[in-house]
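Asker: Could you have a look at this structure, given as structure tokens, before my questions?
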Amino acid sequence: MSDISSSAPPFRHLLGIEGLSPSDISEILDLSDEYVAQNRQVDKKRSILGGRAQINLFFETSTRTQTSFELAGKRLGADVINMTATASAIKKGETLIDTAATLNAMHPDALVVRHPHSGAVALLSQKMDCSVINAGDGSHEHPTQALLDALTIRRRLGQLHGLTVAICGDILHSRVARSNIMLLNIMGAHVRAIAPPTLLPVAMERMGVEVFHDMTQGLEDVDIVMMLRLQNERMRGAFVPSTREYYHFFGLDREKLAKAKPEALIMHPGPMNRGVEIDSELADDINRSVIREQVEMGVAVRMAVLDLLSRRPGNQPPVGPDTGPETGPEGAQP
Ligand code: CP
């Protein structure tokens, strides 16, 4: 590891992209690059988090995020425990706050949380002495997804600054879209939001994006096409007439993609609904789609985040048997 490995981040938790600076983001991406190289070696394991405990607490289903956080912690040498809401005392009526207090009493060193309600992870972080990482809260933020997307783009196209990125689909319910819009704006990219009016938040332009309701106009000359899933589980009522009609107007196919730059990359955070927001063959097109690469970057980014947060004062392990009174970690941010 290079000398960036010795610095600690200026934040204790990773609750969102909001509040991060360009240099915070670049530092995470730089370290992630080192972990990508490590993960491609036969021996992927390090011991920098040896003796530390990481709890993954997921109140919603996950394939990519939970597995990659588990792999990330284990590859850094931490003891990793996975908890789901259905297999915990939450099923017996225990509150979120009591769950946090209970876990906190076990002195974990990192808590990774996914929750269906926006703001729940920030609330939980106020009750924990360790670093808390948001693995997705409602339709609010999914910061490690935006970071892994940024790493994928940066490794492919060299930089984020000056690129035009189209985010297409169910932006209204998407925490991935919110985190990506913030990160891309912070890093100097131009963001376009393409969706039917029913799937866009009000006053979308205030987030620093250009809004389109027509895919062929919105995709004109973009560098990146980022497709999103229809989040039916967050919808109250009908937001599109039918999935067939939605695919016709907003599904990515070769004809619509032809409007983008010839070398434009296709991204999707997953899980994908083939034939709803993306043509199945395009999703698997090794010349255009970087969807599998995004998954690979997810492990590296999560290793970098766990590594960096562990360096915070108060997150360091005791250096000897007589370390004196504990110094509490500082206030939560961003
Ligand atoms: N992108 C994403 O968050 O996927 P999972 O729901 O599988 O974690």
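The values are calculated or read from the model by the stated rules, or taken from the named source; none is laboratory data. This structure is a prediction, so every number in the text was calculated from the model and none was measured. Every residue, glycine among them, receives a Cβ derived from its backbone with ideal geometry; neighbour counts consider all protein chains shown. Only protein heavy atoms, including side chains, enter the accessible area calculation; ligands, DNA and RNA are left aside. Shrake-Rupley method; radii C 1.70, N 1.55, O 1.52, S 1.80 Å.
Asker: With a 1.4 Å probe and all protein chains left in place, how much of the accessible area of the chain comes from carbon and sulfur atoms, in whole percent? Please report the intermediate quantities before stating the final value.
Answerer: Values: 7710 of 14690 Å².
Carbon and sulfur together cover 52 percent of it.
Asker: Could you work out how much longer the chain between R46 and K92 gets when fully extended? Use 0.36 nm per residue separation minus the Cα distance between them, nm to one decimal. Intermediate values should be presented prior to the final figure.
Answerer: Numbers: separation 46, 0.36 × 46 = 16.56 nm, distance 3.81 nm.
The R46-K92 span can extend by a further 12.7 nm.
Asker: What FRET efficiency comes out for the pair D253/V211, r = Cβ-Cβ distance, R0 = 25 Å, nearest 0.05? It would help to have the intermediate numbers written out before the result.
Answerer: Details: r = 22 Å, r/R0 = 0.87.
Result of the calculation: an efficiency of 0.70.
Asker: Looking at the P(r) of region 1-145, how many percent of alpha-carbon pairs lie beyond 25 Å? Present the calculation step by step, with values, prior to reporting the outcome.
Answerer: On the way: 2869 of 10440 pairs.
Of the Cα pairs, 27 percent sit more than 25 Å apart.
Asker: Follow-up question, since we're still on this one. Could you tell me, in Å, what Rg and Dmax come out for the Cα atoms of region 207-301?
Answerer: 13.8, 39
Asker: While we're looking at this one, here's another question. For the chain, compute the number of Lys pairs whose alpha carbons are separated by less than 24 Å, excluding pairs fewer than 8 positions apart on the same chain.
Answerer: On the way: K44/K74; K45/K74; K91/K127; K92/K127.
Going through the chain pair by pair, I get 4.
Asker: Would you please calculate the Kirkwood hydrodynamic radius of region 152-216 over all C-alpha pairs and express it in Å, rounded to one decimal? Intermediate values should be presented prior to the final figure.
Answerer: On the way: mean 1/r = 0.0832 Å⁻¹.
Result for region 152-216 stands at 12.0 Å.
Asker: Right, next: Calculate the translational D of region 173-252 in whole µm² s⁻¹ from Stokes-Einstein, where the hydrodynamic radius comes from the Kirkwood formula applied to all Cα pairs, the temperature is 37 °C and the viscosity 0.692 mPa s. Walk me through the intermediate numbers first.
Answerer: On the way: Rh = 13.5 Å.
Roughly 243 µm²/s, to the nearest whole number.
Asker: Semi-axes of the equivalent ellipsoid for the chain, please: Cα gyration tensor eigenvalues, times 5, square-rooted, ordered largest first, whole Å. Provide the component values of the computation, followed by the final result.
Answerer: Numbers: eigenvalues 243, 100, 59 Å².
They are 35, 22, 17 Å, listed largest first.
Asker: What does the accessible area per residue of the chain come to in Å², with a 1.4 Å probe and no ligands, DNA or RNA counted? Kindly include the intermediate steps, with their values, before the conclusion.
Answerer: Details: 14690 Å² over 334 residues.
Value returned for the chain: 44 Å² of accessible area per residue.
Asker: Given the DSSP H assignment, sum -39500 (n - 2.57) over each helix run of at least 4 residues in the chain and divide by its residue total; what's the result at 222 nm in deg cm²/dmol, nearest 500? Could you put the intermediate results ahead of the total?
Answerer: Values: 11 runs with 112 residues, N = 334.
Calculated mean residue ellipticity at 222 nm is -10000 deg cm²/dmol.
Asker: I would also like to ask the following. Let me know the Rg and Dmax you get for region 110-205 when you use only its Cα atoms, in Å.
Answerer: 14.5, 43
Asker: Hey, what D do you get for region 54-111 in µm²/s if you plug the Kirkwood alpha-carbon radius into Stokes-Einstein at 37 °C and 0.692 mPa s?
Answerer: Numbers: Rh = 12.1 Å.
After rounding, the answer is 272 µm²/s.
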